[in-house]
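Each remark here refers to the structure printed beneath this line.
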């Protein structure tokens with residue numbers, strides 16, 4: 001950890017720290033007054049622990065008292081690694097996930113995936129660990145921290161005039177909730193009707209993911225999760241844009257879905273965000289669909305010149321042991337690392353004034369340029 | 001083996017270069033010659049068990065045999081000295097230079113499913129070098145018969161093979177890692 | 001303490017034969033009497049030592065049981081040995097005309113750390129029908145010594161474990177109901 005990162009924000013200072021190793025995303029928010037919120041979780045390569053946990057411990061935050069809520073926007077493994085240990089450490093935090101995860105078909109898929117180890121369960125196994133944590137607390141007669149949210153829910157509100165705060169979820173809409181239910185039932189049936197045991201089929205939970213609007217004092221932040229756009233007006237970003245507008249536009253944006261064009265709509269930038277606001281993203285360095293592409297970066301830079309990424313979107317070929325290295329090169333088969341070296345973007349601004357955000361990059365993080 | 005052997009009491013055959021199947025009246029044994037056959041062995045075991053739901057199976061076990069080369073004769077002896085210290089008992093009770101021939105340790109894990117675990121460690125008595133240590137592990141469960149839950153023993157056995165395979169391998173590797181880690185952390189004898 | 005990776009490169013590279021086997025048994029044969037630790041058995045014990053007597057209740061004790069006598073494998077010189085140097089468990093994430101893209105997980109990892117595009121030529125024709133999204137396979141690379149010949153080998157085998165049993169489904173439904181109850185607190 002770099003020395004500069006050990007300083008805590010002032011009580012009247014907002015901080016957004018975005019962690020992204022190239023595959024994975026976690027956001028740590030200082031809400032003012034020593035109160036913290038964590039959105040999603042990824043792993044810190046050096047310690048193998050949740051990146052948010054490592055950072056908060058390094059800057060001396062009392063995890064048990066000061067972390068108020070943990071939000072799990074959706075269960076994809078790049079957003080949930082280390083979530084169970086984070087919840088275990090932040091014993092007084094409320095845990096909030098999408099209301100679509102209450103569906104019995106989804107919970108059956110989670111239960112079935114627990115019997116499959118290794119490469120297979122991934123995010124679902126981690127979500128199962130979170131639920132088991134909560135069950136343990138229930139057995140110990142502790143109050144359950146588990147809550148769900150949907151479009152229009154208020155997750156946290158503080159009407160204190162000196163540090164006013166409101167965190168609201170803008171999704172999932174009723175349409176997306178219904179679509180997720182249908183998807184869960186279909187995938188569960190697919191899993192059960194397969195002749196052989198297989199890993200859980202790919203589900204696309206992005207439409208069920210939680211987009212957050214965070215209002216702290218004079219600042220407004222939009223956290224886009226992995227939300228994508230849909231052609232219909234009742235789902236995805238279309239549903240969010242058709243909601244009643246907030247009193248003011250956001251002046252900081254965590255770009256949705258790793259900067260993809262499916263996570264973008266012009267209306268986000270024109271109706272929800274102030275012009276040229278700072279925008280940050282985590283890449284998704286995967287073989288199948290690496291994000292952001294060059295065209296995505298060009299598009300983002302047309303929207304705002306102040307765009308940053310936690311890591312470059314480039315795949316790294318893994319050098320293997322012999323004879324695998326020689327043999328696979330001969331066959332022209334490349335094994336790529338799913339990246340894990342951390343990049344960290346830290347943005348701070350005063351709660352009380354409309355100052356410019358001060359953004360620092362650490363590790364592999366950098367500012368996007370044409 | 002030149003070809004299949006089929007008698008009323010014993011049948012044995014090879015499937016490809018990796019898998020051998022041996023079937024006695026009361027025991028079915030499937031072996032893989034190397035780890036290349038591991039996946040196929042597992043799939044075959046599960047498939048056979050599923051196809052024979054009425055077989056009165058009383059127990060099912062997964063065995064792994066790992067053979068390691070110690071770096072030298074001293075390290076080879078240190079394995080035995082660590083597991084069966086000679087100073088207090090054996091060198092006093094026995095004449096000459098007693099050595100560990102075979103050590104067996106067992107454990108019970110309540111589960112579910114309940115699993116009995118055995119680990120056997122023995123030095124390999126071939127010409128030296130190399131100096132070899134064999135770790136044989138057995139991970140098995142007894143299957144209740146005539147249960148009031150109307151449980152199909154073959155179904156339980158199939159589930160066991162499907163869900164316990166990695167755990168049985170993890171156990172074997174962890175044991176090897178712990179043993180050799182300790183051996184190497186122990187100073188060499190004078 | 002030796003870390004796993006160094007043990008991998010040392011021990012497994014010298015591995016003569018990690019030979020898995022599965023045994024099932026039915027009937028009353030090949031049993032032996034043994035003292036087995038049973039945690040459910042509590043035993044009251046009284047003993048005398050050096051003239052002092054004492055007694056206690058021991059939670060769990062050894063009981064004599066008939067147990068199955070699983071054979072200990074004898075180490076034999078084999079004509080076929082495989083020295084495994086790289087090993088993954090994989091899951092297919094995408095299928096294309098070129099091959100399959102798969103997430104790869106090394107043993108002892110909870111999450112995959114690697115990915116590869118595996119051309120169809122690498123997959124046995126008998127397995128190609130199984131190579132769909134979600135399919136699981138093992139991929140081993142190493143040196144195969146067979147009848148005096150030494151070859152570098154890359155071997156992919158897809159998993160054919162029968163789908164969930166009625167018991168597993170019932171257990172999963174029960175667990176899902178427990179999870180669901182957490183949301184309704």
The lone exception for residue A:131 - which of (1) out of contact with any helix residue (DSSP H, G or I) (no Cβ under 6 Å at 6 or more places or on another chain); (2) within 14 Å of chain C (Cβ to nearest Cβ) it fails: (1)
Test: residue in segment A:332-352 that is closer than 30 Å to residue A:162 by Cα, out of contact with any helix residue (DSSP H, G or I) (no Cβ under 7 Å at 6 or more places or on another chain), modelled with pLDDT of 95 or more and part of a loop (DSSP other than H, G, I, E, B): no
Matching residues, segment C:145-185, being out of contact with any strand residue (DSSP E or B) (no Cβ under 8 Å at 6 or more places or on another chain), outside any helix (DSSP H, G or I) and surrounded by 19 or more Cβ atoms within 10 Å (Cβ to Cβ): C:164
Out of A:128, A:84, A:119, A:111, sole residue that is at pLDDT below 90 and under 30 Å from residue B:168 (Cα atoms): A:119
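Given B:65, B:30, which one is at pLDDT 85 or above, surrounded by 16 or more Cβ atoms within 10 Å (Cβ to Cβ) and closer than 23 Å to residue B:4 by Cβ?
Going through B:65, B:30 in turn, the sole match is B:30.
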Qualifying position, being part of a helix (DSSP H, G or I) and within 11 Å of chain C (Cβ to nearest Cβ), among B:145, B:164: B:164
Condition broken by residue A:60, with the remaining ones in (1) over 17 Å from residue A:85 (Cα atoms); (2) assigned to a strand (DSSP E or B) satisfied: (2)
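Residue under question is residue A:202, and the condition is that it be in contact with a strand residue (DSSP E or B) (Cβ under 9 Å, 6 or more places away or on another chain), surrounded by fewer than 17 Cβ atoms within 10 Å (Cβ to Cβ), within 14 Å of another protein chain (Cβ to nearest Cβ) and under 20 Å from residue C:178 (Cα atoms); does it hold? Break it down stepwise before answering.
Working: in contact with a strand residue (DSSP E or B) (Cβ under 9 Å, 6 or more places away or on another chain): yes; surrounded by fewer than 17 Cβ atoms within 10 Å (Cβ to Cβ): yes; within 14 Å of another protein chain (Cβ to nearest Cβ): yes; under 20 Å from residue C:178 (Cα atoms): no.
Considered against the rule, which asks whether it is in contact with a strand residue (DSSP E or B) (Cβ under 9 Å, 6 or more places away or on another chain), surrounded by fewer than 17 Cβ atoms within 10 Å (Cβ to Cβ), within 14 Å of another protein chain (Cβ to nearest Cβ) and under 20 Å from residue C:178 (Cα atoms), residue A:202 comes out as no.
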Selection count, segment B:101-122, where residues are at pLDDT below 90 and surrounded by 11 or more Cβ atoms within 10 Å (Cβ to Cβ): 1
Conditions (1) in contact with a helix residue (DSSP H, G or I) (Cβ under 7 Å, 6 or more places away or on another chain); (2) within 22 Å of residue A:99 (Cβ to Cβ); (3) within 14 Å of chain C (Cβ to nearest Cβ): number failed by residue A:40: (3)
Options A:157, A:215: the member that is within 22 Å of the chain's Cα centre (by Cα), surrounded by fewer than 16 Cβ atoms within 10 Å (Cβ to Cβ) and either closer than 20 Å to residue A:104 by Cβ or modelled with pLDDT of 90 or more (or both): A:157
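From A:146, A:163, which residue is in contact with a strand residue (DSSP E or B) (Cβ under 8 Å, 6 or more places away or on another chain), at pLDDT below 85 and farther than 21 Å from residue C:103 by Cβ?
On the way: A:146 fails: at pLDDT below 85.
Answer to the check: A:163.
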Qualifying position, being crowded, with 16+ Cβ neighbours inside 10 Å and under 30 Å from residue C:106 (Cβ atoms), among A:307, A:311: A:311
Within segment A:320-362, tally of residues that are free of Cβ contacts under 8 Å to residues at least 40 places away in the same chain and touching a strand residue (DSSP E or B) at 6+ places or on another chain (Cβ under 8 Å): 17
Boolean, residue C:138 is touching a helix residue (DSSP H, G or I) at 6+ places or on another chain (Cβ under 8 Å) and within 7 Å of chain A (Cβ to nearest Cβ): no
Qualifying positions in segment A:274-301 - touching a helix residue (DSSP H, G or I) at 6+ places or on another chain (Cβ under 9 Å) and more than 17 Å from residue A:226 (Cα to Cα): A:275, A:276, A:277, A:299
When residues of segment A:225-271 are limited to those that are farther than 18 Å from residue A:206 by Cβ and touching a residue at least 40 places away in the same chain (Cβ under 8 Å), the one surrounded by the most Cβ atoms within 10 Å (Cβ to Cβ): A:252
Residue within segment B:1-17 that is farther than 25 Å from residue B:152 by Cβ, surrounded by fewer than 20 Cβ atoms within 10 Å (Cβ to Cβ) and facing chain C (nearest Cβ under 9 Å) present: yes
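If you go through segment A:6-37, how many residues are farther than 17 Å from residue A:58 by Cβ and surrounded by fewer than 21 Cβ atoms within 10 Å (Cβ to Cβ)? Don't jump to the end; show me each part of the working.
Narrowing segment A:6-37 to residues farther than 17 Å from residue A:58 by Cβ: A:10-14, A:20, A:22-25, A:31-33, A:35, A:37.
Still in the list and also surrounded by fewer than 21 Cβ atoms within 10 Å (Cβ to Cβ): A:10-13, A:33, A:35.
The qualifying residues number 6.
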Subset tally (residues that are within 12 Å of residue B:158 (Cα to Cα), touching a residue at least 40 places away in the same chain (Cβ under 8 Å) and more than 7 Å from chain C (Cβ to nearest Cβ)) for segment B:43-67: 3
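Among the residues of segment A:134-154, how many are buried (at least 19 other Cβ atoms within 10 Å of the Cβ) and at the interface with chain C (Cβ under 9 Å from one of its Cβ atoms)?
Looking only at that region, the number is 2.
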Residue satisfying all of: in segment A:310-331; farther than 23 Å from residue C:120 by Cβ and not in a strand (DSSP E or B); modelled with the highest pLDDT among these: A:310
Residues of segment C:154-185 classified as over 25 Å from residue A:204 (Cα atoms) and facing chain B (nearest Cβ under 7 Å), total: 8
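The values are calculated or read from the model by the stated rules, or taken from the named source; none is laboratory data. The model shown is predicted, which means the values in this text are computed figures rather than measured ones. Glycine gets a Cβ as well: all are built from the backbone with ideal geometry, and neighbour counts include every protein chain shown.
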